[in-house]
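The values are calculated or read from the model by the stated rules, or taken from the named source; none is laboratory data. Predicted, not measured: the structure shown is a model, and the values here were computed from it. Every residue, glycine among them, receives a Cβ derived from its backbone with ideal geometry; neighbour counts consider all protein chains shown.
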Amino acid sequence: MDLFADIERENVERSRPLAERMRPRQLDEVIGQETVLGEGKLLRRMLLAGRLGSIILYGPPGTGKTTLARVIAQHSQSRFAELNAAGCGVKEVRAALDEARDHLRSGGERTLLFVDEIHHFNRSQQDILLPDVEKGTVTLIGATTLNPFFALNAPLVSRSQLFMLEPLDIEQIEQVLKRAIADKARGFGKLDLTVTDDAVHFLAVMCDGDARRALTALEIAVNSFPESKPIHVDKSVAEDSIQRKAIVHDPSGDEHYDLASALIKSMRGSDPDAAIYWLARMLEAGEDPRFIARRLIIFASEDIGQADPTSLLVAEAVGRAVDVIGLPECQLNLSQGVLHLATAPKSNSTTTAIAAARKDVREGRTVAVPKHLRDAHYAGAKEIGHGEGYQYPHNDPRGFVEQEYLSVSVRYYEPTEHGREKEVAERMERLRGEGESTQP
């Protein structure tokens, strides 16, 4: 009877997806996430001290949020209950909380309530959790792929420790795959199986840091062979076992702004290769090319300005080309624009000049327009002194006349030594010197 029960358990275990079977069961089995679980890190300290409070796990798919929740429940010897916020409502939440209270009253363990995709809960559903979280009836672990400061209620976030999980790197994914290949109890260790190193590396690269996706692809590759024959998984088999990776992109979320920020900062740092990569990421993710073009036009004045005035013309031309041509061809225009801006000399003097001037306008005393600069084209203007004493610069052979244009002494525009602006700085110093020499 026990033999049949063992066989049945083994069959049930084998029917589960490989990604589930290979989930770590102890803290030391977790691969990656050293920033969260490494020696001396807060979460490990909380677990070792037995002082686990409610936490929010934030990170992209496949980084082990569910796995980590189960490992924490195992380590803390808690009762584990799981909800998926995308498929349950208030009724299911209340039922889970009632069960947790009843279990605790009857002398059982405290419940660790894991809520996957917690950002799908609306405000009222999140609020239902608060009383039991505060009382300690349940230890809440919420998992989300969205920024919790935007996606979750502030009271819930304030009562939880936030831990950010990073995608696993290529070496860590390879370690996960090799563990599954060798494991005789949960993986493929009992099979007559060989997997080439380049196949493992290919899956580790293509899964984009998602361990679950890599394990699923490995399982597809292995199960596509007849059981009675030796299994040999090479790179060509691996290529046929994993879909082309989908670029994660939310046009209104973190990824949208993070990619735009990376593009801007790479161009500002004069790194054309990084800038082109981030442009490609945005295009592959389906970013609106008009958004990218607008950012280029802003960048041309904000970060280049007078160091290379043609940059604004190039960026504006890219914007027009995007409107006229559209994708896919306008990717060439965007690429040209990004390369031009990334390699152009940089100056933020345009930005600092207008910022300083507007600050003075807002906070300082309003400066009156000097009479000789006032409009003198309407009837009666000259009778009240408008335009009187104004000197027309073009009447001077130099095209420059030293006269008062602002009744206070201030310097907003400070040309840099970069690109064309170096020539501008030299010319302005020369003109100012000439003006000073003509003063009595």
**Report entry** Extreme residue, surrounded by the most Cβ atoms within 10 Å (Cβ to Cβ), among residues of the range 197-234 that are of a type outside the set (G, A, S), closer than 21 Å to L168 by Cα and in contact with an Asp or Glu (Cβ under 8 Å, 6 or more places away or on another chain)
**Finding:** V200
Report task. Just name the residue that is modelled with the lowest pLDDT out of those in the range 274-285 that are closer than 19 Å to A321 by Cβ and surrounded by fewer than 20 Cβ atoms within 10 Å (Cβ to Cβ). Result -> L283
Query raised in the report: Right, R320: in the same structural domain as A285 (by TED's automatic domain parsing) and basic (K, R) or not?
Result: yes
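Would a scan of the range 61-69 turn up a residue that is closer than 23 Å to L156 by Cα, among the charged types (D, E, K, R) and part of a helix (DSSP H, G or I)? First the steps, then the outcome.
The first filter runs over the range 61-69 and keeps only residues closer than 23 Å to L156 by Cα, leaving 61, 63-69.
In the following step, the residues that additionally are among the charged types (D, E, K, R) were identified as 65.
So of that shortlist, the ones also part of a helix (DSSP H, G or I) come out as 65.
Within the range 61-69, one or more residues are closer than 23 Å to L156 by Cα, among the charged types (D, E, K, R) and part of a helix (DSSP H, G or I).
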Report summary line: Heads up, the helices (runs of 4 or more DSSP H) in the range 140-217 (entirely inside) with at least 2 residues that are modelled with pLDDT of 90 or more and hydrophobic (A, V, I, L, M, F, W, C) are 170-182, 197-206
Query raised in the report: Taking the range 350-391, which residues are among the hydroxyl-bearing types (S, T, Y) and either out of contact with any helix residue (DSSP H, G or I) (no Cβ under 6 Å at 6 or more places or on another chain) or more than 30 Å from E316 (Cα to Cα) (or both)?
Result: T352, T366, Y378, Y390
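Give the residues of the range 119-134 that are surrounded by 13 or more Cβ atoms within 10 Å (Cβ to Cβ) and under 22 Å from R51 (Cβ atoms), sorted by residue number. If you could, list the steps in order and put the result at the bottom.
Of all residues in the range 119-134, those surrounded by 13 or more Cβ atoms within 10 Å (Cβ to Cβ) come to 119-121, 125-130, 132-133.
Within the range 119-134, L129, L130, D132, V133 meet the criteria.
Does F163 fit the bill of being in contact (Cβ under 8 Å) with a residue 24 or more places away in the chain, of a type in the set (F, W, Y) and within 25 Å of Q33 (Cα to Cα)? Let's see the steps before the verdict.
Numbers: in contact (Cβ under 8 Å) with a residue 24 or more places away in the chain: yes; of a type in the set (F, W, Y): yes; within 25 Å of Q33 (Cα to Cα): yes.
Spelling it out, F163 is indeed in contact (Cβ under 8 Å) with a residue 24 or more places away in the chain, of a type in the set (F, W, Y) and within 25 Å of Q33 (Cα to Cα).
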Query raised in the report: Mind checking whether some residue in the range 302-310 is in contact with a Phe, Trp or Tyr (Cβ under 8 Å, 6 or more places away or on another chain) and not assigned by TED's automatic domain parsing to the domain that holds V408?
Result: no
Query raised in the report: Does the range 12-41 hold any residues that are touching a helix residue (DSSP H, G or I) at 6+ places or on another chain (Cβ under 8 Å) and over 30 Å from F188 (Cβ atoms), and which are they?
Result: K41
Requested in this report: Return yes or no: is D183 within 30 Å of A238 (Cα to Cα), loosely packed, with under 15 Cβ neighbours inside 10 Å and in contact (Cβ under 8 Å) with a residue 24 or more places away in the chain?
Outcome: no
Report summary line: Note on F188: of the conditions (1) closer than 24 Å to T66 by Cβ; (2) free of Cβ contacts under 8 Å to residues at least 12 places away in the same chain; (3) over 21 Å from the mean Cα position of the chain (by Cα), unmet is (2)
Query - Neighbours by Cβ (under 6 Å, 6+ apart or cross-chain): first from the range 416-432, in a helix (DSSP H, G or I); second among the aliphatic types (A, V, I, L, M) - result: E421/A307
Requested in this report: Would you be able to tell me the number of residues in the range 331-371 that are touching a residue at least 12 places away in the same chain (Cβ under 8 Å) and assigned to a loop (DSSP other than H, G, I, E, B)?
Outcome: 8
